[in-house]
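For reference, the structure discussed in these notes is given below.
The values are calculated or read from the model by the stated rules, or taken from the named source; none is laboratory data. Computed from a predicted model, the values in this text were never measured in an experiment. Cβ coordinates were reconstructed from backbone atoms using ideal geometry, including for glycine residues, and neighbour counts include every protein chain displayed. Heads up: the accessible areas ignore ligands, DNA and RNA and are worked out on the full protein's heavy atoms, side chains in. Shrake-Rupley method; radii C 1.70, N 1.55, O 1.52, S 1.80 Å.
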Amino acid sequence: MAVFNIPAVKYEGAKSSNEFAFKFYDAERVILGKTMSDWLPFAMAWWHNLGAAGTDMFGAGTADKSFGADASDALAHAKAKADAGFEFMQKLGIKYFCFHDADLITERADLAEQNAALDAIADYICEKIEQTGIKALWGTANLFSNPRFMNGAGSANSPDVFARAAANVKKSIDLTIRFDGRGFVFWGGREGYETLWNTDMKFEQENIAALMKLAVQYARGKGFSGDFYIEPKPKEPMKHQYDFDAATAIGFLRQYGLDKDFKMNIEANHATLAGHTFRHELRVSAINGMLGSIDANIGDTLLGWDTDEFPYDVYDAAQAMYEVINAGGLTGGFNFDAKNRRPSNTYEDMFRGFILGMDTFALGLIKATAIIEDGRIGEFVKSRYSGYNGGIGAKIRSSAVTLEDLNDYALSQGEPPAPESGKQEWIESIINQIMFGG
Ligand code: XLS
Ligand code: NI
Ligand code: NI
């Protein structure tokens with residue numbers, strides 16, 4: 001029996017007034033040689049869509065996410081969530097989901113009982129995967145909600161807590177492999193500090209790296225060939241988190257020899273919390289060969305925390321897609337790590353959120369493609385560095401000069417030619433022309 005009283009969502013074009021239709025996301029439309037659905041492997045976040053009921057620091061949930069089950073019966077509720085989730089993804093044409101172990105079924109304190117409960121729901125989810133072809137984009141272990149992780153997981157001061165975190169990672173890798181996942185995420189919500197007075201930062205970072213190394217060894221031994229991801233975030237819940245931003249996380253991976261197995265999972269809202277743009281984090285990852293996957297959401301500058309809103313800003317999405325296209329696409333996908341606002345508390349709102357997010361990224365793809373095909377900006381950027389194509393520039397690029405050579409060159413040339421305009425305003429007006437000029 002269907003959970004949602006909404007038919008499958010179809011593409012109807014920009015003029016459609018059907019609120020349950022896509023206006024821009026046309027899965028089969030070919031753009032730059034690939035279909036929209038290949039450019040945009042969308043994923044549903046199990047925790048937000050099937051779990052989050054709108055609870056906030058000031059009030060209880062407003063949405064009913066029991067999906068008709070008796071929520072006190074853990075397995076029945078977990079199955080109802082899976083039924084709802086797969087129906088939801090099928091109706092939207094979404095091929096992937098992302099999950100934490102703890103999202104799948106109510107957690108139990110005892111590890112053996114917890115693993116048995118996870119196996120029971122995993123059997124059910126595997127049947128659904130078999131029936132629908134929908135599978136995991138990535139899995140992860142929730143090493144932040146349970147009070148046992150209050151001092152961290154990999155970074156915990158207690159080796160017993162470290163061992164429990166490792167066991168949860170092992171189980172979550174097993175589940176990811178069973179769900180045919182493309183990747184495995186580490187998001188270090190409790191891997192950081194509240195005060196340096198009680199913290200051995202170096203010791204904690206070494207232990208986080210050790211946990212990651214153990215995870216890679218185990219997963220590769222089980223035949224997992226996907227990517228591991230770090231999802232950087234500067235703060236929240238901790239005052240300072242070690243995976244502050246992409247540059248910090250990439251440096252950490254290189255320091256501990258993890259860079260061959262890991263890439264970045266960039267979340268838009270985390271980028272802005274770190275004082276960067278979403279696009280900046282994508283560029284940093286891409287130029288380091290580590291752009292893996294995206295948590296597609298948007299924050300709110302007036303609120304300033306991880307509000308996880310559905311992305312609606314086409315200007316922002318176009319910039320993100322410009323980076324993704326230039327990087328040749330993602331090996332991961334676009335996970336809507338996003339939730340409805342608290343007053344948007346109906347099942348219909350769940351669909352409205354995803355339609356908004358999918359249409360926003362479809363528009364981003366369309367507009368970024370137009371910017372690339374227009375060519376003016378790409379050409380301008382190339383021409384700005386054209387001095388390096390020959391002469392002294394080419395020698396600098398190929399490391400064929402010494403500092404003395406450059407000194408001689410500078411002495412002989414006199415004052416360098418006047419610098420040329422960076423033309424930012426011209427570029428920004430081209431963007432507006434492409435975005436709104438029809
Ligand atoms: C929290 C993170 C989290 C990760 C997965 O801010 O975005 O949801 O994506 O643990
Ligand atoms: Ni996230
Ligand atoms: Ni987040």
Checklist entry - Does Tyr242 count as modelled with pLDDT of 95 or more, buried (at least 21 other Cβ atoms within 10 Å of the Cβ), among the hydroxyl-bearing types (Ser, Thr, Tyr) and farther than 25 Å from Asp316 by Cα? => result yes
Next on the checklist: Under 8 Å between Cβ atoms, which residue pairs at least 6 apart in sequence (or on different chains) link something in the range 50-77 that is of a type in the set (S, T, N, Q) with a partner that is open to solvent by 30 Å² or more (accessible area, probe 1.4 Å) and modelled with pLDDT of 95 or more?
Outcome noted: Thr55/Gly61; Thr62/Arg342; Thr62/Pro343; Thr62/Asn345; Ser66/His77
Item to check | Residue in the range 338-375 that is nearest to Ser429 (Cα to Cα), counting only those that are in a helix (DSSP H, G or I) and of a type in the set (Ser, Thr, Tyr) | outcome: Thr369
Item to check | Close pairs from the range 179-193: first over 23 Å from Ile129 (Cβ atoms), partner within 14 Å of ligand 2 (Cβ to nearest atom), Cβ under 6 Å, at least 6 apart | outcome: Phe186/Ile230; Trp187/Glu231; Gly188/Gln241; Gly188/Asp243; Gly189/Phe144; Gly189/Pro237; Arg190/Phe144; Gly192/Gln241
Checklist entry - Of Ala166, Ala112, Ala116, which residue is under 24 Å from the mean Cα position of the chain (by Cα), part of a helix (DSSP H, G or I) and not basic (Lys, Arg)? => result Ala166
Next on the checklist: Of everything in the range 255-269, what is within 11 Å of Ala209 (Cβ to Cβ) and away from ligand 1 (no atom under 16 Å from the Cβ)? Give them in sequence order.
Outcome noted: Gln255, Tyr256, Gly257, Leu258
Checklist entry - Is there a residue being open to solvent by 50 Å² or more (accessible area, probe 1.4 Å), among the β-branched types (Val, Ile, Thr), farther than 17 Å from Ile94 by Cβ and modelled with pLDDT of 95 or more anywhere in the range 354-368? => result no
Checklist entry - Taking the range 301-310 only, how many residues are within 13 Å of ligand 3 (Cβ to nearest atom) and either open to solvent by less than 10 Å² (accessible area, probe 1.4 Å) or of a type outside the set (Phe, Trp, Tyr) (or both)? => result 4
Checklist entry - Restricting the search to the range 265-297, which residues are more than 12 Å from ligand 2 (Cβ to nearest atom), free of Cβ contacts under 8 Å to residues at least 60 places away in the same chain and either aromatic (Phe, Trp, Tyr) or surrounded by 24 or more Cβ atoms within 10 Å (Cβ to Cβ) (or both)? => result Phe278, Glu281, Leu282, Ser285, Leu291
Checklist outcome for this item: Conditions (1) within 16 Å of ligand 2 (Cβ to nearest atom); (2) open to solvent by 40 Å² or more (accessible area, probe 1.4 Å); (3) closer than 21 Å to Ala43 by Cα -> Tyr347 fails only (1)
Checklist entry - Name the pairs: first residue in the range 298-312 and of a type outside the set (D, E, K, R), second residue open to solvent by 100 Å² or more (accessible area, probe 1.4 Å) and more than 12 Å from ligand 2 (Cβ to nearest atom), Cβ to Cβ under 9 Å, at least 6 apart or on different chains? => result Ile298/Tyr312; Gly299/Trp305
Next on the checklist: Can you say whether Met44 is within 17 Å of Gly353 (Cα to Cα), in contact with a Ser or Thr (Cβ under 9 Å, 6 or more places away or on another chain) and crowded, with 19+ Cβ neighbours inside 10 Å, as far as the supplied structure shows?
Outcome noted: no
Item to check | Residues of the range 25-35 classified as touching a strand residue (DSSP E or B) at 6+ places or on another chain (Cβ under 8 Å), surrounded by 12 or more Cβ atoms within 10 Å (Cβ to Cβ) and either more than 21 Å from Asn340 (Cα to Cα) or of a type in the set (A, V, I, L, M, F, W, C) (or both), total | outcome: 3
Next on the checklist: Just to be sure I understand, how many residues within the range 39-71 are outside any helix (DSSP H, G or I) and within 22 Å of the chain's Cα centre (by Cα)?
Outcome noted: 9
Next on the checklist: Six or more apart or on different chains, Cβ atoms under 7 Å: show the pairs whose first residue is in the range 209-225 and of a type in the set (Ser, Thr, Tyr) and whose second is assigned to a helix (DSSP H, G or I) and open to solvent by less than 60 Å² (accessible area, probe 1.4 Å).
Outcome noted: Tyr218/Ile173
Checklist outcome for this item: Flagged in the range 72-108 as small (Gly, Ala, Ser) and part of a helix (DSSP H, G or I), in numbering order, are Ala74, Ala76, Ala78, Ala80, Ala82, Ala84, Gly85, Ala102
Checklist entry - Here are Asp295, Asp316: which of them is away from ligand 1 (no atom under 16 Å from the Cβ) and either of a type in the set (Asp, Glu) or farther than 23 Å from Ile31 by Cα (or both)? => result Asp316
Checklist outcome for this item: Those residues of the range 327-341 that are closer than 21 Å to Thr55 by Cα and more than 11 Å from the chain's Cα centre (by Cα) come to a total of 3
Next on the checklist: Step by step: first the residues of the range 8-17, then only those that are outside any strand (DSSP E or B) and open to solvent by 60 Å² or more (accessible area, probe 1.4 Å), then the one that is nearest to Gly85 (Cα to Cα). Which residue is that?
Outcome noted: Glu12
Checklist entry - Any idea which of Trp138, Trp187 is closer than 21 Å to Asp243 by Cα, open to solvent by 50 Å² or more (accessible area, probe 1.4 Å) and within 16 Å of ligand 2 (Cβ to nearest atom)? => result Trp187
